[in-house]
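Comments concern the structure below.
The values are calculated or read from the model by the stated rules, or taken from the named source; none is laboratory data. No experiment lies behind these values; they were computed from the predicted model shown. Cβ: placed from backbone, ideal geometry, glycine included. Neighbour counts: every protein chain shown. Only protein heavy atoms, including side chains, enter the accessible area calculation; ligands, DNA and RNA are left aside. Shrake-Rupley method; radii C 1.70, N 1.55, O 1.52, S 1.80 Å.
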Amino acid sequence: ALTLKGLDNASAMVFLQAYGLKDLPVNKLASLLQDIDGHPFLLDNIAHYIQAIGIPAAMENLQGGLEEGNEKFGGLIKKSLSSQEFNALQSLTILNREISLAGLCQIAQVRPSVIMRLREKALLQTNDMGKFWLHNIIRNSLRLTDLEAAKQANLRAMNFYRGQELPLLRQSIDDYASVLEWHYHAVE
């Protein structure tokens, strides 16, 4: 139920239209799909939201429907995880880009086994280089609201990125990624 592989935009549009949203302009559906990221849980939730309050009212407050869906999804995730896993995942919502396992462990203050359990549950994604990243639905559903906890997570992230070495030959903006992340987390 928590697998995060969403539908492509064409399939997601057909899904919403099958729920009776045929009258919704295609450009409105397309912009909505970017926020939903093709995830069936949010697609289902937003379709029911639009059906419940009607297309005109929903178009005025689509953000409210997305927030409601994210809140429900966050609740489902919380029920399915141990408190350690949930707190670790929630502290990682401050991240912007891919990060190594060591970085995740430092920021979330957990052992690699906790991160690997989250990966096995498909709540963390990995790229070809073995770096981890959070899916948008996780980031939006579990975003830290406790300012002190967010500050501490950003401090740990800042310290992690500050400790990264820059390549000797810096030729592109990507070579400065750790410096930019360091600065971002310092500001936060």
Helices (runs of 4 or more DSSP H) wholly inside segment 1-69 containing at least 2 residues that are within 19 Å of Asn136 (Cα to Cα): 9-18, 26-36, 40-53
Checking Leu144 against (1) buried (at least 17 other Cβ atoms within 10 Å of the Cβ); (2) of a type in the set (A, V, I, L, M, F, W, C); (3) not in a loop (DSSP other than H, G, I, E, B), the condition it does not meet: (3)
Qualifying residue in segment 147-166 (condition: surrounded by 16 or more Cβ atoms within 10 Å (Cβ to Cβ), out of contact with any strand residue (DSSP E or B) (no Cβ under 9 Å at 6 or more places or on another chain) and at pLDDT below 90): no
Answer residue from segment 48-76, given it is among the hydrophobic types (A, V, I, L, M, F, W, C) and surrounded by fewer than 20 Cβ atoms within 10 Å (Cβ to Cβ) and is nearest to Cys105 (Cα to Cα) among those: Leu76
Test result for Ile107, farther than 30 Å from Val179 by Cα and not charged (D, E, K, R): no
Residue within segment 101-118 that is surrounded by fewer than 13 Cβ atoms within 10 Å (Cβ to Cβ), touching a Phe, Trp or Tyr at 6+ places or on another chain (Cβ under 9 Å), in a loop (DSSP other than H, G, I, E, B) and not hydroxyl-bearing (Ser, Thr, Tyr) present: no
Filtered residues of segment 17-44 (kept if open to solvent by less than 20 Å² (accessible area, probe 1.4 Å) and within 20 Å of His135 (Cβ to Cβ)): Leu32, Leu33, Ile36, Gly38, His39, Leu42, Leu43
